[in-house]
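These notes are about the structure you will find just below.
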Amino acid sequence: MLDIGTISLILLFGMLFLLAIGMPLGFASAFLAVAVLVMRFGPDLLFRQFGSGPLAILSKRIYDLMTDYVLISVPLFIFMAALLERSGIAKEMYNSLNVWLSRTRGGIAIVTSIMAVIMAAMSGIIGGEVVLLGLIALPQMLRLGYNQNLAIGTICASGSLGTMIPPSIVLIIYGLITETSIKALFTAAFLPGFMLASFIIIYIIIRTQLDPAQAPLPEPGPDDPPSGEKTVLFLTFLSIITAGVSALGFVRAVFFTVTGQNVAIENVDPIIFGTPDYIWKTALIFIVSLALIFFVFGTQRAIRAWQMGKGLVAPLVIIGVVLGSIYMGITGITEAAGMGAVAVFFITAILHKSWPEWRQRLCETWVWLLAGLAGAVVLAWALSLTGRIGFQEALVVLVGIGIVSLVMRLEDMPVIVWESLMRTLKSTGTIIWVTIGATALAGAYTIAGGPTYVANLIVGADMPTMGIILVMMVIFLFMGAFMDWVGIVLLIIPVFLPIVLRLPVEEIGVFGQLDPRHVAIWFGVVFCMNMQVSFLSPPFGPAAFYLKSVAPPHISLTDIFRGFLPFIVIQILALSVLLIWPPIVSLLLP
């Protein structure tokens, strides 16, 4: 039996060796987990009675993680992202953003960054965003004569924002492993995520203003409105969106008031946007928005503004369904992921045909639709007589099945759904196997006393608090260049987080003091910012390989990594802000 220091060295070099020879991370981690236990407790543990000893502890740890309800949200978010790639929603969104910013210097690059933020807020997936932006934005920027490095860096740096911007899968897995509130992590990551996005956009603006040749302006189209008129049209579109959102808010407040669900109860938080005072507030906003549309901007301008910006409506609806349901207290993370997947599914079906085609289809089939609805009502009533299910629940299930069946009869929808399911299966399978292996290794190392050894080693080095944290950042950046984020969060975080929690909180950062309740949340956001850098870091930055798969043949991997350099500096700058001013994560937290 070896001491924990020797085991730690063998583990480090063993992991590097197994990854170097091409063994998948999940299998390498599982193999090393058994090896750690054998080295620490001897080979006899492999032959003990089943269900006892360290292996039983590992099995329970893996089982508890894999049966966590929140884990279901991961395949749901992946499925949502896969559907988004094939739905046409991203293409429509790009066209709408391009309409507003096409005559701005560097406008296509700015559109790409804004589009990446919106896509990140819809699904929280990274690889699909880079591929989609590479297919939509890269040819456009190269055709207009944009600097190749600027185009490449913008797409990959913006496409990796799904790590930071909720609903980030990285934050979900971190929350599961550390038992930290995922909702609090989402809230804390909002400002840092949008700060990083703003840094990227500001860099694009400054770079293109200093050197206009890097982003030539396209020739104006015959239907392009003047810049002043375009601003008015944009304000008109915002008024339309505000009217729609306020109408929904009015309905929500009225519903909770009529049903009596918003009665004030002591020590119970009021329903967000559901209290009686929101009835007149939302009604006032709705009336003012309508007045602006009809009496200030005019109906003709409103129609044109809607045509220019309608591609943004579907993404805003999806973001509202996912994040709105979480922060308004309607559902939890998992249910929100399911609702988002359903919303994307139906929006994909709606966009599959034009409105005239839908009208024609409804006119041809309305009799059959009414007959099907009547049949569902009768069947739901019959099922309710059994006493096993209520009438309303049965009716909702039957109508849902009927609608999904009708949607799946649309041309190409079965193919789109099947390809999305296969993508979800592959991605989820990879994450699950890495999760099992890395959880086993982290658990085995913990049982062997590894975290205590590492903690005593680091704390005993007599380094200042920020010195210890900077060492952790270097380790994160180094590991991120060679290992997937799933392995890092499962292997490294269980070792580092207890050390961070033991550090004096008043010495964390330079400006401001972090709330002691938010240390684990801050460290999670810092970890995600590190993973932002890892997605671009050579030699194995995954964003480079995602883009290479759809880039023109003349763009090599060397060209792609060269384009990353200024954006890596931007990411490190954003990371520095988090380290210097930790309370930024607490600004939106209660």
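The values are calculated or read from the model by the stated rules, or taken from the named source; none is laboratory data. Model, not experiment: these values are computed from the prediction. We place every Cβ from the backbone using ideal geometry, glycine too, and count neighbours over all the protein chains shown. Please note that ligands, DNA and RNA were not included when accessible areas were found on the heavy atoms of the full protein model with its side chains. Shrake-Rupley method; radii C 1.70, N 1.55, O 1.52, S 1.80 Å.
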I need every pair where a residue in the stretch 211-231 that is outside any loop (DSSP other than H, G, I, E, B) has its Cβ under 6 Å from the Cβ of a residue that is surrounded by 10 or more Cβ atoms within 10 Å (Cβ to Cβ) and at pLDDT 75 or above, sequence separation at least 6 or different chains. 214/147; 214/150; 214/208
Among the candidates 177, 173, 155, residue that is open to solvent by less than 60 Å² (accessible area, probe 1.4 Å) and under 14 Å from the mean Cα position of the chain (by Cα): 173
Within the stretch 444-468, work out how many residues are part of a helix (DSSP H, G or I) and either open to solvent by less than 20 Å² (accessible area, probe 1.4 Å) or not polar (S, T, N, Q) (or both). 15
Do any helices (runs of 4 or more DSSP H) lying entirely in the stretch 277-352 carry at least 3 residues that are open to solvent by less than 60 Å² (accessible area, probe 1.4 Å) and over 30 Å from residue 408 (Cβ atoms), and which ones are they? 277-291, 299-309
Looking only at residues in the stretch 395-419 that are closer than 15 Å to residue 347 by Cα and in contact (Cβ under 8 Å) with a residue 60 or more places away in the chain, which one is most open to solvent (accessible area, probe 1.4 Å)? 412
Here's a check for you: in the stretch 530-583, which residue that is of a type in the set (A, V, I, L, M) and closer than 16 Å to residue 141 by Cβ is modelled with the lowest pLDDT? 550
Does the stretch 100-116 contain at least one residue that is at pLDDT 85 or above, crowded, with 21+ Cβ neighbours inside 10 Å and within 11 Å of the chain's Cα centre (by Cα)? yes
Scan the stretch 256-274 and tell me whether some residue there is more than 33 Å from the chain's Cα centre (by Cα), at pLDDT 85 or above and in a helix (DSSP H, G or I). no
Would the stretch 527-548 turn up any residue that is hydroxyl-bearing (Ser, Thr, Tyr), farther than 19 Å from residue 476 by Cβ and surrounded by fewer than 21 Cβ atoms within 10 Å (Cβ to Cβ)? no
Quick one: in the stretch 1-15, of everything that is within 34 Å of the chain's Cα centre (by Cα) and without any contact (Cβ under 8 Å) to a residue 24 or more places away in the chain, which residue is surrounded by the most Cβ atoms within 10 Å (Cβ to Cβ)? 15
Hey, any hits in the stretch 469-492 for a residue that's of a type outside the set (A, V, I, L, M), modelled with pLDDT of 85 or more and open to solvent by 30 Å² or more (accessible area, probe 1.4 Å)? no
Quick check on my filter: what residues within the stretch 364-394 are in contact (Cβ under 8 Å) with a residue 24 or more places away in the chain and either open to solvent by less than 60 Å² (accessible area, probe 1.4 Å) or more than 30 Å from residue 351 (Cβ to Cβ) (or both)? 372, 376
Out of 65, 37, sole residue that is out of contact with any strand residue (DSSP E or B) (no Cβ under 7 Å at 6 or more places or on another chain), surrounded by 24 or more Cβ atoms within 10 Å (Cβ to Cβ) and in a helix (DSSP H, G or I): 37
Qualifying residue in the stretch 403-424 (condition: of a type in the set (Lys, Arg) and either modelled with pLDDT of 80 or more or assigned to a helix (DSSP H, G or I) (or both)): yes
Just name the residue that is most open to solvent (accessible area, probe 1.4 Å) out of those in the stretch 68-99 that are under 20 Å from residue 313 (Cα atoms) and of a type in the set (Val, Ile, Thr). 99
Pull up the stretch 472-518, narrow it to residues that are assigned to a helix (DSSP H, G or I) and among the acidic types (Asp, Glu), then point me to the one that is farthest from residue 23 (Cα to Cα). 506
Out of 282, 331, I need the residue that is of a type in the set (S, T, N, Q) and without any contact (Cβ under 8 Å) to a residue 12 or more places away in the chain. Which one? 331
